[in-house]
Amino acid sequence: MSDFAARLATTINVLEKIAADFSPAVFASSLAAEDMVLTDLILRHKLNIGIFSLETGRLHKETLSMLDRIKETYAYEVKLYKPEAEAVNSYVQQHGLNAFYDSVEMRKECCRIRKVEPLNRALFGNKAWITGQRRAQSTTRAELALQEDDVAHAMQKINPLTDWSEDDVWHYIRSNNVPYNALHDKGYPSIGCEPCTRAIQAGEDVRAGRWWWENPESKECGLHVVDGKLIRIKSV
Ligand code: SF4
């Protein structure tokens, strides 16, 4: 928790700089705790940054209810991007509704249809996008930097909470009365689609409940990976 005030000030400064230098910029919110911190900062400081979420069709009801809570709290409507119905139907008909349990390839194909393709649509036309990723979240994010050159989307990708700890996130949420996903109180530190996320036990890695049947190294959905690698970085 030491230097939290400095980390918060830096984060606000980064968000202000994004709004000023990279307009139009968007924030991709998964509606989890980190993303509620960024939502609160963006809306509290009236920053010119759009907020969207990927409605995959497989989210928990607790996650979906966050959309109403954001509307009630901030009078702001998060923009939703959904997968193409034809692609979803084709996958389900060919492989089954829950074929993502069968192999990493089937899981990645489901993520491609339900997350990656809608993300590409959501990002189109912007100069930068923002995520709530933190270094401490998983082995796949250990080298995460504040700013990455997202070559695939031809824009900058900025992770303003890179240095934040989990304690920082919850300190901000509790100090500012920020609404948060009820699943966090039920053992879900990391939240994704319902069939691919489970609660974790004390002492487990915070992302252990995501795609728990896979190796830790494969646990990304394709939103933060280009050509099989986490995308490279430079400072803001
Ligand atoms: S997280 Fe699971 S249900 Fe959601 S898009 Fe990926 S594989 Fe499909």
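The values are calculated or read from the model by the stated rules, or taken from the named source; none is laboratory data. None of the values given here were measured: they were computed from a predicted structure. Ideal geometry is used to build each Cβ from the backbone, glycine not excepted, and the neighbour counts take in all protein chains shown. All accessible areas refer to the heavy atoms of the entire protein, side chains included, with ligands and DNA or RNA removed. Shrake-Rupley method; radii C 1.70, N 1.55, O 1.52, S 1.80 Å.
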>> Considering only residues that are surrounded by fewer than 24 Cβ atoms within 10 Å (Cβ to Cβ) and not charged (D, E, K, R), which ones fall in the stretch 13-24?
In response: N13, V14, L15, A19, A20, F22, S23, P24
> How do the pairs read when you match residues in the stretch 101-114 that are part of a helix (DSSP H, G or I) with residues anywhere that are of a type in the set (D, E) and more than 6 Å from the ligand (Cβ to nearest atom), using Cβ under 8 Å and keeping only pairs 6 or more apart or on different chains?
Replying inline: V104/E214; R107/E214; I113/E84
>> Just to verify a result, which residue in the stretch 74-99, among those that are in contact with a Ser or Thr (Cβ under 9 Å, 6 or more places away or on another chain) and open to solvent by 30 Å² or more (accessible area, probe 1.4 Å), is nearest to R114 (Cα to Cα)?
In response: K82
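Check L31, L38, L15 and return the single one that is within 21 Å of S175 (Cα to Cα) and in contact with a Leu (Cβ under 6 Å, 6 or more places away or on another chain). Steps first, please.
On the way: L31 fails: in contact with a Leu (Cβ under 6 Å, 6 or more places away or on another chain); L38 fails: in contact with a Leu (Cβ under 6 Å, 6 or more places away or on another chain).
Of the residues listed, the single one that is within 21 Å of S175 (Cα to Cα) and in contact with a Leu (Cβ under 6 Å, 6 or more places away or on another chain) is L15.
Please count how many residues of the stretch 61-73 are within 16 Å of the ligand (Cβ to nearest atom), surrounded by fewer than 20 Cβ atoms within 10 Å (Cβ to Cβ) and closer than 13 Å to S30 by Cβ. Break it down into steps so the answer makes sense when it comes.
Residues of the stretch 61-73 that are within 16 Å of the ligand (Cβ to nearest atom), as a first pass: 61-64.
Applying the additional criterion that residues be surrounded by fewer than 20 Cβ atoms within 10 Å (Cβ to Cβ) yields 61-62, 64.
Next, only the ones that are closer than 13 Å to S30 by Cβ stay: 62, 64.
Residues in the stretch 61-73 being within 16 Å of the ligand (Cβ to nearest atom), surrounded by fewer than 20 Cβ atoms within 10 Å (Cβ to Cβ) and closer than 13 Å to S30 by Cβ: 2 in total.
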>> Out of the residues in the stretch 205-231 meeting the condition of being more than 15 Å from the ligand (Cβ to nearest atom) and within 19 Å of V116 (Cβ to Cβ), tell me which one is modelled with the highest pLDDT.
In response: E217
> Within the group A202, A182, which residue is of a type in the set (G, A, S), open to solvent by 30 Å² or more (accessible area, probe 1.4 Å) and at pLDDT 95 or above?
Replying inline: A182
>> Anything in the stretch 153-176 that is open to solvent by 70 Å² or more (accessible area, probe 1.4 Å) and within 20 Å of V26 (Cβ to Cβ)? List them, or say none.
In response: A154
>> I'm checking my understanding of the structure. Among residues of the stretch 74-99 that are in contact (Cβ under 8 Å) with a residue 40 or more places away in the chain and within 15 Å of the ligand (Cβ to nearest atom), which one is farthest from E16 (Cα to Cα)?
In response: N98
